[in-house]
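Participant: First the structure, which I've put down as structure tokens, then a few questions once you've had a look.
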Amino acid sequence: MTETKTRTITLSNRPPVKIKESEWPVVAKASWCDNPAIPVQANRSASVRVLQHADGRAIVYGTYETQWPRESGLKSGLLLDAGADIAAAIYEVVDDIGVTATMAAECIADLPAEEI
């Protein structure tokens, strides 16, 4: 019997959501750390991801992790209806976790291209 892999994602201003990973593929991501030469030795790191369901809904979530005493990690996430402004949500999540807008721009650039 094959087990369905699930993930629980922390969201902002609402309870977490549990998703089936196979139904919510990653469509864009960006990450940062304070030791890019050896990321596993970083003291601080952050990432932002966009997951999108086939029905158009999206989840944008980010994490900030730190190894420094007296500093806390942060998590933020938004569940978006189909057609919502994903780019604006990325900027909001990145701002919530306290990292630079450069990471938001990198994540937005990783989104699937729109046909015009």
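The values are calculated or read from the model by the stated rules, or taken from the named source; none is laboratory data. Quantities reported herein were computed from a predicted structural model and do not represent experimental measurements. Cβ sites come from the backbone with ideal geometry, for glycine too, and all protein chains shown count toward neighbours.
Participant: Does R44 qualify as being in contact (Cβ under 8 Å) with a residue 12 or more places away in the chain, surrounded by fewer than 18 Cβ atoms within 10 Å (Cβ to Cβ), charged (D, E, K, R) and out of contact with any Leu (no Cβ under 6 Å at 6 or more places or on another chain)? Before you say what the answer is, go through the steps one by one.
Facilitator: On the way: in contact (Cβ under 8 Å) with a residue 12 or more places away in the chain: yes; surrounded by fewer than 18 Cβ atoms within 10 Å (Cβ to Cβ): yes; charged (D, E, K, R): yes; out of contact with any Leu (no Cβ under 6 Å at 6 or more places or on another chain): yes.
Taking the combined requirement at face value, the residue satisfies it.
Participant: Restricting the search to region 72-91, which residues are surrounded by 12 or more Cβ atoms within 10 Å (Cβ to Cβ) and without any contact (Cβ under 8 Å) to a residue 24 or more places away in the chain? Break it down into steps so the answer makes sense when it comes.
Facilitator: To start, the set of residues in region 72-91 that are surrounded by 12 or more Cβ atoms within 10 Å (Cβ to Cβ) comprises 73-80, 84, 86-91.
Hits for region 72-91 are G73, L80, A88, Y91.
Participant: Still on this model: Can you confirm whether E71 is more than 20 Å from E23 (Cα to Cα), charged (D, E, K, R) and modelled with pLDDT under 95?
Facilitator: On the way: more than 20 Å from E23 (Cα to Cα): yes; charged (D, E, K, R): yes; modelled with pLDDT under 95: yes.
Taking the combined requirement at face value, the residue satisfies it.
Participant: Residue by residue through region 3-15, note down the ones that are surrounded by fewer than 12 Cβ atoms within 10 Å (Cβ to Cβ) and either touching a Pro at 6+ places or on another chain (Cβ under 8 Å) or touching a residue at least 24 places away in the same chain (Cβ under 8 Å) (or both).
Facilitator: Matches in region 3-15: T8, R14.
Participant: Could you list, in sequence order, all residues of region 17-41 that are free of Cβ contacts under 8 Å to residues at least 24 places away in the same chain and either under 13 Å from the mean Cα position of the chain (by Cα) or exposed (fewer than 12 other Cβ atoms within 10 Å of the Cβ) (or both)? Quick ask: steps written out before the conclusion?
Facilitator: Let us first name the residues in region 17-41 that are free of Cβ contacts under 8 Å to residues at least 24 places away in the same chain, namely 18, 20-22, 33-41.
Within region 17-41, K18, K20, S22, P36, A37, I38, V40, Q41 meet the criteria.
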